1. So, SER186, is that one of a type in the set (Ser, Thr, Tyr) and in contact with an Asp or Glu (Cβ under 6 Å, 6 or more places away or on another chain) or not?
2. Condition first: outside any loop (DSSP other than H, G, I, E, B), in contact with a Leu (Cβ under 9 Å, 6 or more places away or on another chain), within 11 Å of the ligand (Cβ to nearest atom) and aliphatic (A, V, I, L, M). Can you find one or more residues in the stretch 252-264 that meet it?
3. Is it true that GLU117 is in contact with a helix residue (DSSP H, G or I) (Cβ under 9 Å, 6 or more places away or on another chain), surrounded by fewer than 22 Cβ atoms within 10 Å (Cβ to Cβ), part of a loop (DSSP other than H, G, I, E, B) and modelled with pLDDT of 95 or more?
4. Restricting attention to the stretch 176-186, and to residues there that are away from the ligand (no atom under 12 Å from the Cβ) and in contact (Cβ under 8 Å) with a residue 60 or more places away in the chain, which single residue is nearest to ARG237 (Cα to Cα)?
5. Condition first: within 19 Å of GLY191 (Cα to Cα) and β-branched (Val, Ile, Thr). Now tell me which residues in the stretch 254-272 satisfy that.
6. Are any residues in the stretch 82-108 of a type in the set (Val, Ile, Thr) and crowded, with 19+ Cβ neighbours inside 10 Å, and if so, which ones?
Amino acid sequence: MNTITLNNGVTMPQLGFGVWQVPDDEAEHAVSAALAAGYRSIDTAKLYQNEAGVGRAVRESGIPRDELFVTTKLWNDEHGYDRALRAFDASMERLGLDVLDLYLIHWPAPAQNKYVETWKALEKLYADGRVRAIGVSNFTVQALDRLLDEAEVVPAVNQIELHPQFAQDALRAYDSAHGIATEAWSPLGQGKGLLDEPVLTRIAAKHGRSPAQVVLRWHIQLGNIVIPKSVTPERIRENIDVFGFELDPGDMTEIAAMDADRRLGPDPATFG
Ligand code: NAD
């Protein structure tokens, strides 16, 4: 598994397993299947209501804790300094873990105007050794500019919507210029539609791979961290099997040309 070294020296697997929309009672099973397939990084959130199931799978896997990387996120109703500290404790209680690997502010929620204060709480958790790295999610250039002005710790990660039809070149460049790793959510564009695109099916056939593998390989070659989601064991295995082939520069150019500014999720400038 490739790893990405974050701006504080912590290493993170470049490919992990996302569990949005996986109910808690299925999460344990899905995460166990992912761990058996070789995934070592799991992406959950308070919002997903499956931290308990994720925690059970992690604790019962028998895999040494220091070989696993667990991310969770603070939800929009948990902004504010004291609330954020309490939110972290509650997430850790559900996960059943002593130390978290990565804690993210899920959305900047600019209308609440509390993300700087919230970040101060994450800095405190980091200084206290309760989390190995802190970061943000869905932060725009505008929100990052303001955060970086007031922050002591530069976010290690910005987890954003990113797939071939929403390639986020400007935000990726901003992250990279500031030492922030870009992590792609909905890396497969949520599957439907994107994976049937003729460009992708043609490149996939050429390499004897699936369109999903081609898209994940595109992310890996761009340097993105990716967290594809599936609850189907064959797809869980397929999605991690992307380190044994390479897209050529022509493939990368063709996929880059698919960018259509097609956002699937909410707009971070107004959401939350
Ligand atoms: P995704 O792009 O990973 O797509 C998942 C869907 O694609 C699956 O439900 C399935 O229908 C299909 N799929 C998966 N593997 C496939 C394969 N090999 N072949 C064909 N189809 C396949 O979408 P996602 O779940 O939205 O995003 C991944 C993860 O990102 C989430 O689980 C979550 O952890 C994270 N996320 C974060 C945010 C955020 O705001 N920070 C928002 C959305 C998602």
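1. Spelling it out, SER186 is indeed of a type in the set (Ser, Thr, Tyr) and in contact with an Asp or Glu (Cβ under 6 Å, 6 or more places away or on another chain).
2. There is no residue in the stretch 252-264 that is outside any loop (DSSP other than H, G, I, E, B), in contact with a Leu (Cβ under 9 Å, 6 or more places away or on another chain), within 11 Å of the ligand (Cβ to nearest atom) and aliphatic (A, V, I, L, M).
3. In short, no.
4. Among those residues, the one meeting the criterion is ALA181.
5. Correct list: ILE255 only.
6. Matches in the stretch 82-108: ILE105 only.
Residue by residue, here is whether (1) in contact (Cβ under 8 Å) with a residue 60 or more places away in the chain; (2) surrounded by fewer than 17 Cβ atoms within 10 Å (Cβ to Cβ); (3) assigned to a helix (DSSP H, G or I); (4) more than 10 Å from the ligand (Cβ to nearest atom) holds:
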| position | (1), (2), (3), (4) |
| --- | --- |
| ASP145 | no, yes, yes, yes |
| LEU171 | no, no, yes, yes |
| TYR174 | no, no, yes, yes |
| LEU188 | no, no, no, no |
| GLY191 | no, yes, no, no |
| LEU195 | no, no, yes, no |
| GLN213 | no, no, yes, no |
| GLN221 | no, yes, yes, yes |
| ARG237 | yes, yes, yes, no |
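A quick yes/no check of all residues on (1) more than 12 Å from the ligand (Cβ to nearest atom); (2) among the polar types (S, T, N, Q); (3) surrounded by 14 or more Cβ atoms within 10 Å (Cβ to Cβ); (4) on the phi > 0 side of the Ramachandran plot:
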site	(1), (2), (3), (4)
GLY16	no, no, yes, no
LYS46	no, no, yes, no
GLY62	yes, no, no, yes
HIS79	yes, no, yes, no
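The values are calculated or read from the model by the stated rules, or taken from the named source; none is laboratory data. All figures in this text were calculated on a predicted structure; none of them were measured in a lab. Glycine also receives a Cβ, built like all others from the backbone with ideal geometry; neighbour counts cover every protein chain displayed. Areas reflect the complete protein model, heavy atoms only, side chains present, ligands, DNA and RNA absent. Shrake-Rupley method; radii C 1.70, N 1.55, O 1.52, S 1.80 Å.
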